[in-house]
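Here's the structure we're looking at; comments come further down.
The values are calculated or read from the model by the stated rules, or taken from the named source; none is laboratory data. These numbers were taken from a predicted model, which means no experiment stands behind them. Don't worry about glycine lacking a Cβ; one is built from the backbone with ideal geometry, like all the others, and counts go over all protein chains shown.
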Amino acid sequence: MIMALIALGAGYHFRKINFERQKVEALNRELAIVNEELDQFAHRVSHDLRAPINSALSLIYVARDETSPTQIHDYLNLMERSLHRQDEFIRDILDYARAQKLPFR
(Lines give C-alpha, C1' and ligand atoms only; values in the text may rest on other atoms or scores of the structure.)
Protein backbone atom coordinates (compact mmCIF):
# COMPACT_ATOMS: atom_id res chain seq x y z
CA MET A 1 0.00 0.00 0.00
CA ILE A 2 2.76 2.44 0.90
CA MET A 3 4.57 1.56 -2.30
CA ALA A 4 1.41 2.27 -4.28
CA LEU A 5 1.07 5.67 -2.62
CA ILE A 6 4.72 6.44 -3.29
CA ALA A 7 4.31 5.39 -6.92
CA LEU A 8 1.15 7.46 -7.23
CA GLY A 9 2.87 10.50 -5.70
CA ALA A 10 5.92 10.07 -7.91
CA GLY A 11 3.71 9.81 -10.99
CA TYR A 12 1.90 13.00 -10.01
CA HIS A 13 5.15 14.90 -9.51
CA PHE A 14 6.56 13.55 -12.76
CA ARG A 15 3.48 14.75 -14.68
CA LYS A 16 3.60 18.12 -12.92
CA ILE A 17 7.29 18.57 -13.69
CA ASN A 18 6.72 17.51 -17.31
CA PHE A 19 3.83 19.98 -17.65
CA GLU A 20 5.94 22.81 -16.20
CA ARG A 21 8.83 21.90 -18.51
CA GLN A 22 6.49 22.09 -21.51
CA LYS A 23 5.25 25.51 -20.36
CA VAL A 24 8.84 26.77 -20.04
CA GLU A 25 9.72 25.41 -23.49
CA ALA A 26 6.68 27.14 -25.02
CA LEU A 27 7.59 30.42 -23.32
CA ASN A 28 11.17 30.08 -24.60
CA ARG A 29 9.88 29.61 -28.16
CA GLU A 30 7.68 32.70 -27.82
CA LEU A 31 10.60 34.66 -26.40
CA ALA A 32 12.82 33.62 -29.31
CA ILE A 33 10.18 34.88 -31.76
CA VAL A 34 9.82 38.19 -29.91
CA ASN A 35 13.62 38.60 -29.80
CA GLU A 36 13.84 38.01 -33.56
CA GLU A 37 11.10 40.57 -34.18
CA LEU A 38 12.90 43.05 -31.93
CA ASP A 39 16.16 42.49 -33.82
CA GLN A 40 14.41 43.11 -37.14
CA PHE A 41 12.71 46.23 -35.75
CA ALA A 42 16.03 47.61 -34.45
CA HIS A 43 17.65 46.98 -37.83
CA ARG A 44 14.87 48.78 -39.72
CA VAL A 45 14.75 51.68 -37.28
CA SER A 46 18.51 52.19 -37.29
CA HIS A 47 18.51 52.17 -41.10
CA ASP A 48 15.61 54.64 -41.27
CA LEU A 49 17.27 56.93 -38.73
CA ARG A 50 20.63 56.90 -40.49
CA ALA A 51 19.34 57.45 -44.04
CA PRO A 52 18.43 61.16 -43.62
CA ILE A 53 21.70 61.81 -41.79
CA ASN A 54 23.68 60.22 -44.62
CA SER A 55 21.69 62.19 -47.16
CA ALA A 56 22.30 65.49 -45.38
CA LEU A 57 26.01 64.75 -44.97
CA SER A 58 26.33 63.93 -48.66
CA LEU A 59 24.63 67.19 -49.59
CA ILE A 60 26.98 69.09 -47.27
CA TYR A 61 30.02 67.54 -48.98
CA VAL A 62 28.64 68.48 -52.41
CA ALA A 63 27.61 71.99 -51.32
CA ARG A 64 31.11 72.76 -50.01
CA ASP A 65 32.44 72.70 -53.58
CA GLU A 66 29.50 74.63 -55.03
CA THR A 67 29.91 78.31 -55.96
CA SER A 68 26.38 79.06 -57.13
CA PRO A 69 24.27 80.55 -54.33
CA THR A 70 21.13 79.21 -56.03
CA GLN A 71 22.52 75.68 -56.10
CA ILE A 72 23.66 75.93 -52.48
CA HIS A 73 20.16 77.10 -51.55
CA ASP A 74 18.71 74.05 -53.36
CA TYR A 75 21.05 71.75 -51.42
CA LEU A 76 19.98 73.37 -48.16
CA ASN A 77 16.33 72.80 -49.06
CA LEU A 78 17.06 69.12 -49.76
CA MET A 79 18.85 68.80 -46.41
CA GLU A 80 15.94 70.45 -44.64
CA ARG A 81 13.44 68.04 -46.23
CA SER A 82 15.61 65.08 -45.30
CA LEU A 83 15.85 66.19 -41.69
CA HIS A 84 12.10 66.87 -41.51
CA ARG A 85 11.51 63.29 -42.71
CA GLN A 86 13.78 62.03 -39.95
CA ASP A 87 11.98 64.14 -37.36
CA GLU A 88 8.63 62.80 -38.55
CA PHE A 89 9.92 59.22 -38.37
CA ILE A 90 11.15 59.73 -34.80
CA ARG A 91 7.79 61.23 -33.83
CA ASP A 92 6.04 58.21 -35.36
CA ILE A 93 8.19 55.88 -33.28
CA LEU A 94 7.40 57.84 -30.13
CA ASP A 95 3.68 57.82 -30.94
CA TYR A 96 3.82 54.07 -31.50
CA ALA A 97 5.64 53.55 -28.19
CA ARG A 98 3.07 55.66 -26.35
CA ALA A 99 0.19 53.77 -27.99
CA GLN A 100 1.69 50.48 -26.84
CA LYS A 101 1.53 51.68 -23.23
CA LEU A 102 -2.17 52.60 -23.38
CA PRO A 103 -4.53 50.12 -21.70
CA PHE A 104 -6.92 48.20 -23.92
CA ARG A 105 -10.54 49.29 -23.69
Exercise. Of all residues in region 57-105, which are within 20 Å of residue 45 (Cα to Cα) and of a type in the set (S, T, N, Q)?
Worked result: 82, 86, 100
For this session: Please tell me if residue 22 is modelled with pLDDT of 90 or more, over 32 Å from the mean Cα position of the chain (by Cα) and surrounded by 10 or more Cβ atoms within 10 Å (Cβ to Cβ).
Result: no
Exercise. Which one is nearest to residue 38 (Cα to Cα) among residues in region 58-103 that are small (Gly, Ala, Ser) and not in a loop (DSSP other than H, G, I, E, B)?
Worked result: 97
Problem set entry | Single unsatisfied condition, residue 43 versus (1) at pLDDT 90 or above; (2) out of contact with any helix residue (DSSP H, G or I) (no Cβ under 9 Å at 6 or more places or on another chain) | (1)
Problem set entry | Condition check for residue 65: within 25 Å of the chain's Cα centre (by Cα) and of a type outside the set (Lys, Arg) | no
